[in-house]
Amino acid sequence: MKHIRICCLLMTVGFLAGSGVAFAQDSDAACAKLDKDTLTVDLPCYVSGGKTYSAMLKGEIVNGLAGKWHTDRSSIVQADFVPDNKACAVLSATTNDLKLNCVLSHGKVWQAQLSAKYPGSEQLIWGLESYGP
């Protein structure tokens, strides 16, 4: 009987640990990925107006620093993520500012705030407002 209890306990611990790993992988999948060489940001998940999308942001160097990103409307597609995923970025419907809750870069997880260059317009161009761990 003792062996059966230990076996059940190990199976339960294995199941819970497996669930935790799956959740972490799902969370990482929703994180934006910054390619430091090309300055592109693969944004697999952002929420706007209650819907979830993905897009590719292309970076530009301004005065020797990375500081401006834009996206082509053709790169925006509906994403297959749950809108309440905390790792998803959030696009403000009123200002077009973009809050990146989770950015994987240089082996670390960061947060960033991008402010819209043309608020309320159809042009999706952002400047870097803040960036940190």
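Looking at Ala87 and the list (1) part of a loop (DSSP other than H, G, I, E, B); (2) touching a helix residue (DSSP H, G or I) at 6+ places or on another chain (Cβ under 8 Å); (3) open to solvent by 20 Å² or more (accessible area, probe 1.4 Å), which single condition is not satisfied?
(3)
Pairs needed: first member in region 38-58, touching a residue at least 12 places away in the same chain (Cβ under 8 Å); second member anywhere, among the polar types (S, T, N, Q) and not in a strand (DSSP E or B); C-beta distance under 6 Å; at least 6 residues apart or different chains.
Note: pairs meeting the criteria are Ala55/Thr71; Ala55/Ser75; Met56/Ser75; Leu57/Thr71; Lys58/Thr40.
Tell me which of these Gly132 doesn't satisfy, since it passes every other one: (1) in contact (Cβ under 8 Å) with a residue 24 or more places away in the chain; (2) within 16 Å of the chain's Cα centre (by Cα); (3) open to solvent by less than 30 Å² (accessible area, probe 1.4 Å).
(1)
Which one is nearest to the chain's Cα centre (by Cα), of the residues in region 111-124 that are modelled with pLDDT of 90 or more and buried (at least 18 other Cβ atoms within 10 Å of the Cβ)?
Ala112
Go through region 47-74 residue by residue and tally those that are out of contact with any helix residue (DSSP H, G or I) (no Cβ under 7 Å at 6 or more places or on another chain), open to solvent by less than 70 Å² (accessible area, probe 1.4 Å), modelled with pLDDT of 90 or more and under 17 Å from Asp35 (Cα atoms).
6
The values are calculated or read from the model by the stated rules, or taken from the named source; none is laboratory data. Just so you know, these numbers come straight off a predicted model, no measurement behind them. Neighbour counts are summed over all protein chains in view; Cβ atoms, including those assigned to glycine, are modelled from backbone coordinates with ideal geometry. Surface areas here come from the heavy atoms of the whole protein model, side chains and all, with no ligands, DNA or RNA. Shrake-Rupley method; radii C 1.70, N 1.55, O 1.52, S 1.80 Å.
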